[in-house]
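*Asks:* Here it is: the structure, laid out below.
The values are calculated or read from the model by the stated rules, or taken from the named source; none is laboratory data. Remember, it's a predicted structure, so these values are computed and weren't measured experimentally. Cβ atoms come from the backbone with ideal geometry, glycine included; neighbour counts cover every protein chain shown.
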Amino acid sequence: MHPLTGSSLDDFNNSISDSKSQLEPDDDKVPKCLLPVAASTPISLLLKALEIAGIDLKENTLVLAAVEISPILRSYLAKKHPGVPFAELPVTSNGSADALRFCKSSSRVPPHHHLMLLPSDLILESPSSLIGLYTTHLNAFNEVSPCTQACGGLTMLLADVGMEDEQNKPVKESKKAKQNKLVREDEEIEKQKAAVEETEDQDTGETPKLIIPKSLIRPSSTCLTSFNLRTDLLDLHCYMIAPRIWSNLLFCQSFENKHSMQDQVVPLIIDKQLSDYPALFKMSPSDFLDSFSSPSTVPPTPPSPTCLVNAHILPRNPTLSMRVCTVPNYLFACREAVSHSIRPPRLHPASLTSTFGRLEGTVHAKDNSLLGEGTTKGSGGAVKNSTIGANVSIGSKCKINNCVVMDDVVIKDGCTLQNSIICKKAVVEQNCNLNNCQVASKAVVPQKSKLTDEVVYTADE
């Protein structure tokens, strides 16, 4: 197995955005993988998870970075993780599929290896998540499905983020968001809505219904008699990929302009499997690859294994499994990381250790907060469910809840901060009230400002 971390530039940008939800670059160009999370960073936590899972980081790991953030990430790895292989992606790389093509064209990874593709903003508290993905993939790869005559070629990692109310009914994503719980990403929700809306009756305006042809879900009356439609799963954009996929399939004609594994490559493979059944699953591996270049290929007989997309689903449990790709997700990750460091959950198997280590700074267990070294706090007020960086000055009578305040920030007297991110060296003047806001590095929030869902930039932006 050869794990890869990294992806396109979009996967590395952070902090300030007009969308108020996506993490995008601030003026310091700090990538998402280097954002502070419980006195560590996502990339360090991910490498630690791989190491605990038994992966030799120097021999079987490769960190890939876009040109724009390559210098800062290379410097960080040399200091924190010396010896971990690193490579800079070409300027033409626009996604994770391009990163896989680079692995083959540059001969950085042996073509016969199975790859585990990991986004660098992925946080997995329990290394067993990676072990489970690896095991599920190899089991599927070594077995032929009796229904499809196909063996596993690609395995996705999904997390169950569903919730039920007192009546055991699913809780809506909007309600979970109001409770500061982990929700599915907006883009996934919009995709589901779009798929459903396609079936809406425009004349009657009735509630749209999701229609799935039976032929797509029941390839054989003797194999599949029922199925579950899940709408409570979070795609972690983590994949285990067989050699024939990353070193052959991505170079076929149908994939030439496909840059993203999550948005383009995986859906196309699944669509090909469904739309061309049963002919597709009767192809040899070479003919399966050719079918993406010449759709008219006539499948040979007898049937032989080709490709099947599988999923390893992480159950609902107290451990953290998520990406820090949006502001709510980042705040949730920081809050839960501090909580789990104070009160570690029980991992399975018990021999594994959590990726969250000892917290550096002052820990307030009762308030579930972490204050970095050199940080001072005035009298009165409270800091709850928050991560405060190093050398931060917090004035008197300040109330801070569910926030991330990075290093060298000044928050003056009488401020109230809720669900907000304050980047390095920013200044929040007296008596400000910020809710769901982002403050860029070195920005100044004028005194008595009352802002909701706003982004505060530096004066020259």
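*Asks:* Of all residues being within 15 Å of Lys450 (Cα to Cα) and touching a residue at least 24 places away in the same chain (Cβ under 8 Å) in the range 418-436, which is surrounded by the fewest Cβ atoms within 10 Å (Cβ to Cβ)? Just the residue, please.
*Replies:* The qualifying residue surrounded by the fewest Cβ atoms within 10 Å (Cβ to Cβ) is Gln430.
*Asks:* While we're looking at this one, here's another question. If only one of His312, His340 is at pLDDT 80 or above and assigned by TED's automatic domain parsing to the domain that holds Glu143, which one is it?
*Replies:* His312
*Asks:* Hey, another quick one. When you scan the range 25-136 for strands (runs of 3 or more DSSP E) that lie fully inside it, which ones turn up with 1 or more residues that are surrounded by 20 or more Cβ atoms within 10 Å (Cβ to Cβ) and touching a strand residue (DSSP E or B) at 6+ places or on another chain (Cβ under 9 Å)?
*Replies:* Fully inside the range 25-136 and qualifying: 62-65, 115-118, 122-124.
*Asks:* Taking only pairs six or more apart or across chains, which ones have beta-carbon atoms under 7 Å, a first residue in the range 255-266 that is touching a residue at least 24 places away in the same chain (Cβ under 8 Å), and a second residue that is of a type in the set (Lys, Arg)?
*Replies:* Sorted first by the residue in the range 255-266, then by its partner, the pairs are Gln264/Lys258; Val265/Lys258.
*Asks:* Those residues that are modelled with pLDDT under 85, in a loop (DSSP other than H, G, I, E, B) and aliphatic (A, V, I, L, M), I need them from the range 318-337; list them, please.
*Replies:* The answer is Leu320, and nothing else.
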